[in-house]
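Report on one structure; see the data block that follows.
The values are calculated or read from the model by the stated rules, or taken from the named source; none is laboratory data. Keep in mind it's a predicted model, so treat the numbers as computed, not measured. Here the Cβ positions follow ideal geometry from the backbone for every residue, glycine too, while neighbour counts run over all protein chains shown.
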Protein chains: 2
Amino acid sequence: MKKIEGGVTAAKGFQATGVAAGIKKSKKDMAMIYSEAACRVAGTFTTNLVKAAPVKWDQEIVKSCNDAENAARFAGVHAVVVNSGVANACTGAEGYGYCRDTASKTAELFGIQENQVLVASTGVIGKQIPIDKICTGIEMMKPQLSDTKKGGTLAAEAIMTTDTVVKEVAVEVELGGKTVTIGGMCKGSGMIHPNMCTMLSFITTDANISQELLQKALSTSVPDTYNMVSIDGDTSTNDTCLVLANGLAGNPEITEENEDYQAFYEALNEINTVLAKKMAADGEGATAMFEVKVVGAASREQAVTISKSVVSSSLVKAMIYGHDANCGRILCAMGYSGASFDPDQVDVYFESAAGKIKIIENGVPTGYSEEEATRILSESAVTAIADIKMGEETATAWGCDLTHDYIKINADYRS
Amino acid sequence: MKKIEGGVTAAKGFQATGVAAGIKKSKKDMAMIYSEAACRVAGTFTTNLVKAAPVKWDQEIVKSCNDAENAARFAGVHAVVVNSGVANACTGAEGYGYCRDTASKTAELFGIQENQVLVASTGVIGKQIPIDKICTGIEMMKPQLSDTKKGGTLAAEAIMTTDTVVKEVAVEVELGGKTVTIGGMCKGSGMIHPNMCTMLSFITTDANISQELLQKALSTSVPDTYNMVSIDGDTSTNDTCLVLANGLAGNPEITEENEDYQAFYEALNEINTVLAKKMAADGEGATAMFEVKVVGAASREQAVTISKSVVSSSLVKAMIYGHDANCGRILCAMGYSGASFDPDQVDVYFESAAGKIKIIENGVPTGYSEEEATRILSESAVTAIADIKMGEETATAWGCDLTHDYIKINADYRS
């Protein structure tokens with residue numbers, strides 16, 4: 001696996017762009033990904049009972065792709081149209097109608113069917129999208145589509161909301177003697193704190209892989225990557241992760257879980273991991289990426305439960321912001337996670353580029369140097385490691401610190 | 001039931017005081033409640049797997065009181081000794097030993113047994129309590145004990161950490177022709193955000209009530225009161241609620257669930273409700289008390305789940321701080337609560353002293369006036385009401401807004 005430049009236009013046959021269609025005041029607010037070659041598509045979506053209209057639209061298409069009988073009659077997906085600024089959530093039948101209008105407008109322009117167009121939105125909940133501006137945006141984007149790195153970056157910029165950095169990544173991997181590329185972009189100052197109520201991730205690949213294994217690879221990777229980004233309770237109505245595969249790399253189709261599948265999975269998982277960490281680091285108002293590793297767990301589930309509990313704790317997150325090794329808060333957050341373990345056996349460490357320090361041994365603070373702890377916690381990426389000494393399983397969760405700016409961003413978001 | 005002045009010294013036979021024993025730099029940091037008449041005692045404690053040493057100490061005593069066989073041999077509790085500043089959590093066997101030393105010192109001074117002394121702590125986790133200062137504090141407090149309102153207030157002041165107001169309440173109720181008094185004090189900028197990792201609540205009453213019914217009344221009331229204060233994930237290691245009953249009111253002993261029990265329960269529940277709301281309103285950094293009522297639920301459990309999800313949402317709390325009716329966030333937080341309901345049937349209202357406004361009807365925002373909504377959200381107590389139209393059950397949860405000051409308080413708490 002080789003990391004390369006680029007994002008959603010890195011793989012063969014994918015074009016993209018982003019424009020300012022007037023949904024936001026003056027920023028780019030619409031993106032398009034297009035592949036002339038039809039794509040297989042895999043998707044995972046928010047578990048929130050309240051689902052945005054575009055989530056419902058995409059779920060129907062992905063579901064029908066994953067249904068063998070329907071899939072045989074389905075030519076595949078060509079385009080994804082995304083807008084930022086308005087989430088199209090809590091918008092009733094009218095909002096769902098606008099998803100159809102968006103797909104229909106795109107289909108008409110490209111001479112495809114409306115069910116070959118996926119849509120996604122991110123922004124304020126409870127407001128209808130300005131469908132006229134959306135349709136104008138689609139017309140603007142068609143002639144600007146580009147397979148260059150620039151095209152991908154324009155798209156990645158256009159899906160940003162409170163994000164402060166563009167999030168793109170791409171890798172190459174050899175499959176059956178052919179070079180296969182996977183690239184992706186995402187937005188989200190997190191499932192961490194989904195201000196705009198959305199994590200959106202779009203991944204494109206020229207891999208030739210069966211529908212079944214494409215969905216399986218994505219569904220296997222998501223729990224270890226995006227779902228390990230701290231959810232501070234606010235699971236979005238719009239969370240969407242889509243993988244489009246157009247097969248243009250020309251590798252022999254992956255139809256079973258062989259070495260090629262494994263290599264593809266690892267590359268996809270790497271893309272997802274990088275994007276997930278980029279989201280964590282760009283959490284709203286964050287000054288530091290915060291990683292929590294639980295080691296020595298009896299089961300993966302136990303490690304996941306404990307690591308997520310610690311990475312989501314407001315008190316722990318505020319402590320990271322303050323560079324203050326108030327170590328009891330880590331143990332406290334482990335204790336209310338719901339997982340069972342012996343507090344009197346736990347060791348806890350802090351680690352960063354500045355070093356590593358043991359702060360709790362067998363449930364009691366060590367006589368660590370506060371100065372050294374503060375130095376370690378002052379880096380832009382900080383890891384807490386908890387060893388619960390019950391077995392061999394581990395889990396890693398990602399989040400960020402809780403800062404003044406988080407409040408600032410969220411107290412008056414719409415103004 | 002009649003609301004009266006005072007707190008833990010309102011009921012007959014209870015004395016209290018608070019002093020500065022040097023645990024904190026210059027503030028009061030130790031409190032004592034004492035009753036010469038032996039008391040029955042009921043208690044509820046944190047569910048955190050990591051329990052502070054004083055929680056373990058008190059749990060053993062309360063458990064033994066609730067065990068009929070032991071209780072027959074037990075003369076009852078006389079004193080509660082509380083310190084603020086250090087939580088005595090994550091302190092191992094050494095920390096538990098200091099609980100015994102605290103009880104032992106008190107027992108020696110008052111000529112009672114060490115298992116007749118309850119202890120509680122609140123403050124920094126992972127630090128040993130300065131037992132010498134604690135013992136000196138106990139010596140200082142004995143001669144200062146007072147049954148006046150002032151004595152109760154001194155105690156209520158001494159248990160404060162980041163609390164900004166003293167939290168006391170008392171009521172009178174007629175039971176069997178006698179006036180029975182219940183008074184209480186608590187501290188806690190919440191289970192909401194237990195910075196100091198603690199809600200402590202102490203209630204005293206001169207009611208004559210059986211051990212079994214005293215514990216039953218407390219255990220029935222706690223889920224509807226303290227446990228409806230928003231827990232933002234950070235359940236403390238030290239949470240403790242104790243009720244001491246010395247029987248001095250002289251009412252016929254309440255031994256069955258008759259009218260007297262009902263009247264006692266209602267008075268106790270009122271005390272707990274008032275104290276719970278006082279904690280919510282004094283949440284760390286809070287500028288407003290935030291109440292969430294779910295009505296029209298099919299079951300109490302469903303109403304509780306949804307109301308707690310909304311009151312705990314960082315995004316909703318930040319929105320209240322910003323006086324910004326970003327109504328989608330309410331529906332979003334309902335949707336990820338885990339409870340099942342039809343989002344397309346939900347109505348949502350905001351209500352405060354400034355009026356009431358319907359912001360969502362059947363899952364979609366109404367054309368409400370932003371100005372009016374902002375006016376309603378600008379009060380110091382704000383209620384969100386969600387009608388899910390499935391039945392007759394309701395629940396009310398209490399919290400507060402999420403503000404700049406919360407971050408300030410928690411980022412560098414120990415310094």
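Data overview
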item: Total residues in the stretch B:299-326, condition outside any helix (DSSP H, G or I), over 18 Å from residue A:405 (Cα atoms) and modelled with pLDDT of 85 or more; result: 1
item: Search result, residues across the stretch B:320-332 that are over 9 Å from residue A:125 (Cβ atoms) and within 7 Å of chain A (Cβ to nearest Cβ); result: B:321, B:322, B:324
item: Any hit, the stretch A:229-240, residues being of a type in the set (A, V, I, L, M) and modelled with pLDDT under 95; result: yes
item: Some residue of the stretch A:376-397 being free of Cβ contacts under 8 Å to residues at least 24 places away in the same chain and within 28 Å of residue B:162 (Cβ to Cβ); result: no
item: Members of the stretch B:25-53 that are outside any strand (DSSP E or B), surrounded by 19 or more Cβ atoms within 10 Å (Cβ to Cβ) and touching a residue at least 60 places away in the same chain (Cβ under 8 Å); result: B:28, B:29, B:46, B:48, B:50, B:51, B:52, B:53
item: Output for the stretch A:109-129, where each listed residue is part of a loop (DSSP other than H, G, I, E, B), surrounded by fewer than 22 Cβ atoms within 10 Å (Cβ to Cβ) and out of contact with any Ser or Thr (no Cβ under 6 Å at 6 or more places or on another chain); result: A:111, A:112, A:113, A:127
item: Selection within the stretch B:292-310 - out of contact with any helix residue (DSSP H, G or I) (no Cβ under 8 Å at 6 or more places or on another chain) and in contact (Cβ under 8 Å) with a residue 40 or more places away in the chain; result: B:296, B:298, B:299, B:300, B:302, B:303
item: Of residues in the stretch B:58-87 being closer than 18 Å to residue B:201 by Cβ and not in a helix (DSSP H, G or I), the one modelled with the lowest pLDDT; result: B:87
item: Unique match (being within 20 Å of residue A:34 (Cα to Cα) and either touching a residue at least 40 places away in the same chain (Cβ under 8 Å) or touching a Gly at 6+ places or on another chain (Cβ under 8 Å) (or both)) among A:76, A:85, A:95, A:123; result: A:76
item: Matching entry among A:363, A:338, A:367 (being free of Cβ contacts under 8 Å to residues at least 40 places away in the same chain and within 31 Å of the chain's Cα centre (by Cα)); result: A:338
item: Total residues in the stretch A:113-126, condition touching a helix residue (DSSP H, G or I) at 6+ places or on another chain (Cβ under 8 Å) and closer than 24 Å to residue A:243 by Cβ; result: 9
item: Subset tally (residues that are among the small types (Gly, Ala, Ser) and more than 10 Å from every other protein chain (Cβ to nearest Cβ)) for the stretch A:337-380; result: 9
item: Answer residue from the stretch B:2-61, given it is out of contact with any Phe, Trp or Tyr (no Cβ under 8 Å at 6 or more places or on another chain) and among the basic types (Lys, Arg) and is farthest from residue B:76 (Cα to Cα) among those; result: B:25
item: Where residue A:378 falls short, out of the listed (1) within 28 Å of the chain's Cα centre (by Cα); (2) within 23 Å of residue B:238 (Cα to Cα); result: (2)
item: Residue list for the stretch A:290-319, filter: over 20 Å from residue A:342 (Cβ atoms) and away from every other protein chain (no Cβ under 14 Å); result: A:291
item: Per-region count, the stretch A:40-65, residues more than 14 Å from chain B (Cβ to nearest Cβ) and β-branched (Val, Ile, Thr); result: 4
